[in-house]
Amino acid sequence: MEKPSIAETIIQFERDKNMNDAQFAFESHLSVERIHNLKSGDYEPTADELKIILEYLKLHQ
């Protein structure tokens with residue numbers, strides 16, 4: 001079984017926490033545009049962005 005993509009992980013997290021992209025962006029300190037692009041698959045996160053997202057998710061699970 002494949003590991004879920006960062007986009008799928010963000011989508012599931014937002015669904016579980018009843019959040020929108022703006023809330024996720026604000027709390028993770030990334031731009032809303034970056035979150036939209038990540039979720040749409042139009043953009044691959046930089047190493048720093050991936051680290052920020054994964055740390056945020058780990059802290060808020």
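No lab work stands behind these numbers, since they all come straight from the coordinates. Note that this is a predicted model, so its numbers are computed, not measured. Every residue, glycine among them, receives a Cβ derived from its backbone with ideal geometry; neighbour counts consider all protein chains shown.
I'm trying to understand the selection: among the residues of segment 33-49, which are farther than 19 Å from Q12 by Cβ, of a type in the set (S, T, N, Q) and part of a helix (DSSP H, G or I)?
Matches in segment 33-49: none.
Just give me the residues in segment 1-21 being in a helix (DSSP H, G or I) and more than 11 Å from the chain's Cα centre (by Cα), in sequence order. First the steps, then the outcome.
First, pick out the residues of segment 1-21 that are in a helix (DSSP H, G or I): 6-17, 21.
Once the filter is applied, which keeps residues that are in a helix (DSSP H, G or I) and more than 11 Å from the chain's Cα centre (by Cα), segment 1-21 yields R15, D16, K17.
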